[in-house]
Each structure stands twice: as structure tokens, then as C-alpha cells.
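For reference, the structure is listed below as C-alpha cells.
The values are calculated or read from the model by the stated rules, or taken from the named source; none is laboratory data. These numbers were taken from a predicted model, which means no experiment stands behind them. In this analysis, Cβ positions are derived from the backbone assuming ideal geometry, glycine residues included, and neighbour counts consider all displayed protein chains. SASA here: full protein model, heavy atoms, side chains in, ligands and nucleic acids out. Shrake-Rupley method; radii C 1.70, N 1.55, O 1.52, S 1.80 Å.
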Amino acid sequence: MIPNEPPITAALVAEHGLKPDEYQRILDLIGREPSFTELGIFSAMWNEHCSYKSSKVHLRNLPTKAPWVIQGPGENAGVIDIGDGLAVVFKMESHNHPSYIEPYQGAATGVGGILRDVFTMGARPIACLNALSFGDPDHPKTRHLVSGVVAGVGGYGNSFGVPTVGGQVRFHTRYDGNNLVNAMAVGLAEKDKIFYAAASGVGMPIVYLGSKTGRDGIHGASMASAEFGEGAEEKRPTVQVGDPFSEKLLLEACLEIMAKGCVIAIQDMGAAGLTCSAVEMGAKGNLGVDLELDRVPCRETGMSAYEMMLSESQERMLMVLKPEKEAEAEAIFKKWGLDFAIVGHTTPSKRFIVKHAGDVMADLPIKELGDEAPVYDRPYVETPKKPALKAASVTPPMRVPDALEKLIGTPDLCSKRWVWEQYDHVILGNTVQRPGGDAAVVRIEDGPKALALTVDVTPRYCEADPYEGGKQAVAEAWRNITAVGGKPLAITDNLNFGNPEKPEIMGQLVGCVRGIAEACKALDFPVVSGNVSLYNETQGRGILPTPSIGGVGLLDDFTRSATLAFKAAGETVLLIGETQGWLGQSLYLRDVCGREEGAPPPVDLIEERENGDILRTLIGEGLVSAAHDVSDGGLLVAIAEMAMASGIGATLVAAPEDTPAHAFWFGEDQARYVVTVPADRAEAVMQRVHEASVPVHRIGVTSGETIVIPGERPIAIKVLADRFEGWLPAYMSGAA
């Protein structure tokens, strides 16, 4: 036994999140009892967060290739070609458990980690987005979590100097004990200057870069792979502490040494820190790695090998360096005030050897550390199908205007301005469309090209029917990009679920992944990166299945992007797509009628493609003045959002005789868009849409300062806007 290390016991193995059969697998693999440090290394590499052991067999079914995909899943981030020699690098990742325990630092380091994933590839970050899920507003901890998480996201992104341009915020009691913080980063690089993690060459120096190593974040990855129970607050030491100013220096230093041709391979020290980064670099290059921990820069005295290997201190990188560039690279890092230390070298042995204070603390087969991690094809049961809810079976408890005024001020539909105004969304000067629309639009350099960026998912659909919910999440992201005029290119996903050892939860994961895969194939919208976050449960109660989808699209000319605000009075309002009045799992049913039931709206992917393609053509040709996709809350909510954004009202037609008014106005049928066109152009535009075999209906005209529906009282835009903008600030101040 190595001096000063505890003996390996069954209890110690269990504390490391390893089941008895997994520990036996370790014994069989190395032919002896592991050291304490080795046990920690296996714990880090074989947990759910790093190994994807419960999801890997299903993730293989996702489409990941297209002519424009340069790098799919398996690297720090995905990469797509956008022409003109440029590539977009992007990924989304979760920081759920840390953000519940310590909301500010948990969210801040989530942003920091995803930014490193992007600039590790050689890209300069140009935008961030996020998807935040919180518990019931009445839960005693929710306001504290919202305040801390939003401050953490803004505090890190604003200080680092990247705009946070879009996202989602939702509230539901199922997130009471386990909020979700999903962070996405997008960067720009030259497509022939992408950097990867695979080491190459024997005897090459392995260099530690960035900030010093401390005791924060130890077992962070393992903690992210466990349910919460009593005493979650005691896990506070496993939450990392971030320093955005150090990360900004790290970004500039990394990009500079990349430009100088110093780098063979580079890897962010993220989950599982030095362990995961060193093992992945060696294993991907079919090489061994020898580490000398005495050379690791530490900010605390007396750190053990175990602590150094598992620390998740932030703002750190590991790099394989060209030996002849050693002095030049070190000078660059010293110039930026950052640590630079040669801590090891590559070997032909395919062994992972860790030395500390003259002792060999770990000697393990490097490829098997990752490749031999358990892979489970866990048993699952499909979510039982819910019956379709007939609109006629839903008795409206109030008139349509009253229902709209109620819905527009609910936690899920109200304005999230209170959130995004805490983020700097215009720094770098390229944000063309800010938060609050269908998708953010960010100009590429000086234009005219731009990116359309969005994050979306509808968890209540995913719980009611995981397959349809997975399809809808992708289709919704595709619609958001389309609605601003972008051509959807690729997605990153963040799959948040409960305990996969429960067959019904595993069934949610399997169903959602099937739906995502089918939608991505049908829409030519491949998955290029992502993250799986499981065990999002507290006291045995799981979150709603929440497979967040981050979408990236391209506009050839940002000046032709569409916005949702009505532009002038007297324009014709058109509805593209068909309305059946689908109320199952709708917000109207939940928040107005007090019922959560029925099947979610089905997603016809052929309709999605045809309807979106014609809208994108109309926007590209400058034929529509405003466009907005129809989603949560249905048609009337979409029209209200367009009216509130402009201050211009609309006089609308009556609901069709064969559809109840409340179902027509608040049903959440898919594949629909509201557009406005100048009156003298309406017939020609409708003809274009008909020629594409897509349904289109004239549903009104923009006018006045109210929304007018035949047979109902006028709905004042000012009243809507007050309710829309009022709820979240009042809630956060304690007044709601």
C-alpha cells in the first residue's frame, strides 16, 4: 500500500459511486487492488458524467454527419463549415447539481467550462446562450436559486467579455429540488485551424496551463452523477470557484500559442480535471502518459496525489507541445500572467503513470480507463401513450380576452427581460437581434453573414410522450432559426433526465433520443456535440425530461433577417400552417383550465420542412415584414407578442365554425408561423405559399392599439404589456 493512503474497503468503493460489479471489473482489468488514487481515477472516468455508460448505446443512433460537419461528437465541441474559410464551434453542457448547491458559482463555472470547450478548439467565443429550469415559484428556495444562477451566468459571461444572446427560463414544481443550468457557447475559427485533443509523438512534453490547482471541485463529476438526498448542502466543497478574468487571459494566451504553431494537442481540464484531460489526450492518440505531480502548480499546501488528480479547479488546460516551441510558449503564458509547467510527457507504453513525492501513485492501462468503462443497455419501459384530448371536452372557464391576459402574465410565458438585462448581450458589437425574439442573430465579423442561435425544449411534451417531445424540441429550434430567416445547420443537445436505473426514466431517455434522431434526419439538422445529465432527482422525485436543443443556423445577409414586431398599421396578417386546435398538454389547459393531461401535439416533420422552407424563401426575398413561430400558448399568444413588441394592434377574423374559439386561439398545433405583409402584396404572397403546397390563411390586419376578435371585448396592448413585463420583476422583489 502507498504511504498515507487509506485502505480500500467496500464502504470506500461505494463512496466513490462504484457498484460491486464495477469494482470487480477494475480488479479483473488491473489484476490487483487499486491504490486510493487509482480508485479515485476510476471513479472519475467511470461515472455517468464522463463515460455516458447509460446513454451511449442510444446516442449512437443520432445523425452526426452532413457535408458541412467538420467535427461531430467526441471532441471538446462540434464544428461546422459556414463557408468563406470559416467554421462555427459550439457545444452545450449542464451544471445542474453545482448550481443547486451554490447557485452563483455553479452557474458561473458552467459558463466558464463551456467557453473553454470552445476556445480549446481554436475558436474565439462570440456568443453564449442558456436554458434554465427552476422549481415552483412558491417553493421557498426558488427565488434564491433564480437570483444566484442569473447573477452567476451574467457575472462570468459579462466579465469574460462575450455576449449572452438568448435562452429559455421555465418554472415547474418538478424542478423544486433539482434546478437545471444548461450553458451553450458558440465560437468562430478558421476551418483549417481547428485544434483537437489527440496526442501524437513519443516523448512530447505535456504542459499544464492557466490557474493553479486547489481543493475546489474534488469529486464534482461524481457528484453530478448522483441523486440528491438529505444533506445536499454538505456537497458545497465539490462546487468549483470561477475567475472569468483569469479565463479571459487563458483565452488570449491559448489563441496566441495556437497562432504561433506551438500546439500538438490541447484539452480543457473540465469534469474530473487533470485525470480526464490527460487520459483522453493519451488514449485518443494511442499513447501512454507519464505525469509528475510535484510539478503541478498548486495554490494550497500539502495537496495529495488524489486531490490533484480529481480537483476541478477552473481556468486550466492541458497541452501536448512541440518541444522546439517550449520556450516561446512559456514566454507567451508568462506574459499573460498565467502558470506554465511541464508536468509530464507522452510514452509508447499506453500506460497512465502518475508519480508524486517519489512514489508511483497510479499505473493503469490508459485506453481501458475510457474504453473499458461499463456500458449499460439498461432495461426500459416506454411511456404509455396518452389519449388525444378533444377540444370539445374542454369547457373554457373564461372568455378569450381574459384567458390571454391571464396567460401572458404566467411564469412560463411572461417576459424574461429581468433575466437577460443582467447579461451583456451587445458586447463585441455584433448582436443584430437581442434576446426576446425567436432566435438571436449575431453578425459574423463585419458581415454580411450572420448566425441565428436558439435553445429550446418543451419538457411537458417530453413527459407526456417522449418520442413526440424529442421531435418537437428539434422542430421548435428549427422553427426559431427559420423565423428569423436563418438556414438551420446543426444542433448541440443537453439531455437532462432522472435516474436511468428506473425503467420508466430510461424509457423517457430512449423515447426522446429516438424523436430527436428522427427530427434531425428529416430536417437535415445533425447533432455535432452534446452532454447527458442523469440522476437529476431529489428524494426519489425526478425532474421533467428536459432534452434541451441548441440550434445554429446561417443567414447570408443579416440585413434581411426577420423580426417578430409588427412594422406598420394596415398590413395583412397571415397564418402559415394548419390549425386543428390541439389543447393536450397546452399552457392554456394547464394555466387557465388547471388540467395537465392528454397527448402533446403531434409533429409532422414533412409539414415542418415544407412550411419552414417557404417562409425562409419569403424572408430571403424581402416579401414579409414580420415573422414569428407559433409555440407555447398558441396563435393568440404569438400575435400578442408581435403586438407588444411594436405597440401596434390587430383586428382578427373569427375562429372557424368547426373549431371552438378557445382551441383555435390557444391550441398548440405545430409547424405554424404568423407573418405580416403589406396589403398590396398579400395575394401574391399567398399565391407563392399555395404553390409550395403549404396551407396559408388570412387572419387579420394590423391596426390600432388593441387586439380585436369578433364577439369579444378589445384587448389593450398596454394591459397585456404590463402583465407580460410585470410578473418576474414583482416576483423577484417579493411583491408577486
Checklist outcome for this item: With a Förster distance of 35 angstrom and the Cβ-Cβ distance between residue 654 and residue 557, calculated FRET efficiency to the nearest 0.05 equals 0.35
Checklist entry - Can you tell me the accessible area per residue over the chain, all protein chains present, probe 1.4 angstrom, in square angstrom? => result 34
Item to check | Surrounding net charge for residue 664, when Lys and Arg each add one and Asp and Glu each subtract one, Cβ distance under 15 Å | outcome: -2
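Of 322/487; 19/248; 191/284; 406/487, which ones are farther than 31 Å apart at the Cα? Before the final figure, lay out the partial values.
Working: 322/487 40 Å; 19/248 40 Å; 191/284 21 Å; 406/487 35 Å.
Where the Cα-Cα span goes over 31 Å, the pairs concerned are 322/487; 19/248; 406/487.
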Checklist entry - Assigning unit charges at the beta carbon (Lys, Arg +1; Asp, Glu -1) and nothing else, what dipole magnitude in debye, to the nearest 20, does the stretch 1-66 show about its Cα centre? => result 500
Item to check | Where labels lie 7 Å past Cα in the beta-carbon direction, separation of residue 705 and residue 445 in nm | outcome: 4.7
Next on the checklist: Only four residue types carry charge here, +1 at the Cβ of Lys and Arg and -1 at the Cβ of Asp and Glu. Report the dipole size of the stretch 95-203 about the Cα centre in Debye, rounded to the nearest 20.
Outcome noted: 120
Checklist entry - Which distance in nm do the two modelled labels at residue 299 and residue 193 give, with both placed 7 Å along the Cα-to-Cβ direction? => result 3.1
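Taking the mean number of other Cβ atoms within 10 Å as a proxy for protection, how do you rank 661-669, 569-577 from highest to lowest? Could you put the intermediate results ahead of the total?
On the way: 661-669: 25.1, 569-577: 21.2.
Going by the mean number of other Cβ atoms within 10 Å, highest first, we get 661-669, 569-577.
Could you calculate the FRET efficiency of residue 569 with residue 395 from 1/(1 + (r/R0)^6), where r is the beta carbon distance between them and R0 is 35 Å, rounded to 0.05?
Working: r = 36 Å, r/R0 = 1.03.
About 0.45, to the nearest 0.05.
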Checklist outcome for this item: Given the candidates 119, 318, 706, the one whose Cα lies deepest towards the positive end of the charge dipole of the chain, counting +1 at each Lys or Arg C-beta and -1 at each Asp or Glu C-beta, is 706
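How big is the shadow of the Cα convex hull of the stretch 294-337, averaged over all directions, in nm²? All intermediate terms of the calculation are to be shown ahead of the outcome.
Working: hull surface 16.0 nm².
Here the figure is 4.0 nm², rounded to one decimal.
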Checklist entry - residue 144 to residue 426: extension gain in nm, 0.36 nm per residue of separation minus the Cα-Cα distance? => result 98.8 nm
Checklist entry - Dipole of the chain, Cα-centred, from +1 at each Lys and Arg C-beta and -1 at each Asp and Glu C-beta, to the nearest 20 debye? => result 480
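With a 1.4 Å probe and all protein chains left in place, how much of the accessible area of the chain comes from carbon and sulfur atoms, in whole percent?
The C+S portion of the solvent-accessible surface of the chain is 51 percent.
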Checklist entry - How much net charge surrounds residue 322 when only other residues with a Cβ under 13 Å from its Cβ are counted (Lys, Arg +1; Asp, Glu -1)? => result -2
Checklist outcome for this item: Simple spin-label estimate for residue 613/residue 690, 7 Å along Cα→Cβ, in nm, reads 2.1
Checklist outcome for this item: Taking placed amide H atoms and a strict 5 Å upper bound, the residues 5 or more places from residue 352 or on another chain that come that close are 289, 364, 366
Checklist entry - Quick one: Kirkwood hydrodynamic radius for the chain, alpha-carbon pairs, angstrom, one decimal? => result 26.4
Checklist outcome for this item: Ordering 317-326, 578-587, 367-376 by per-residue average of other C-beta atoms within 10 angstrom, highest first, gives 578-587, 317-326, 367-376
Checklist entry - Quick one: Cα centre-to-centre distance for the stretch 294-322 and the stretch 480-541, in angstrom? => result 34
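How much mean residue ellipticity at 222 nm does the chain get from its helices, if each DSSP H run of length 4 or more adds -39500 (n - 2.57) and you divide by all residues, to the nearest 500 deg cm²/dmol? Mind dumping the intermediate values first?
Details: 24 runs with 248 residues, N = 736.
Rounded to the nearest 500, the figure is -10000 deg cm²/dmol.
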Item to check | Peptide ranges 549-562, 16-29, 413-426 listed from the most packed, as the mean C-beta count within 10 angstrom indicates | outcome: 549-562, 413-426, 16-29
Checklist entry - Using alpha-carbon positions, what is the distance between the centroids of the stretch 410-478 and the stretch 118-168, in Å? => result 13
Checklist entry - Equivalent-ellipsoid semi-axes (√(5λ), Cα gyration tensor) for the stretch 295-450, whole Å, largest first? => result 52, 30, 17
Item to check | Residue (of 333, 462, 472) at the positive-pole extreme of the chain, dipole from beta-carbon charges | outcome: 333
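Among bridges DSSP assigns within the chain, what percent are antiparallel (round to 5)?
Details: 94 of 116 bridges.
Here the share of antiparallel DSSP bridges comes out near 80 percent.
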Item to check | Which of 288, 344, 398, positive extreme of dipole for the chain (C-beta unit charges) | outcome: 398
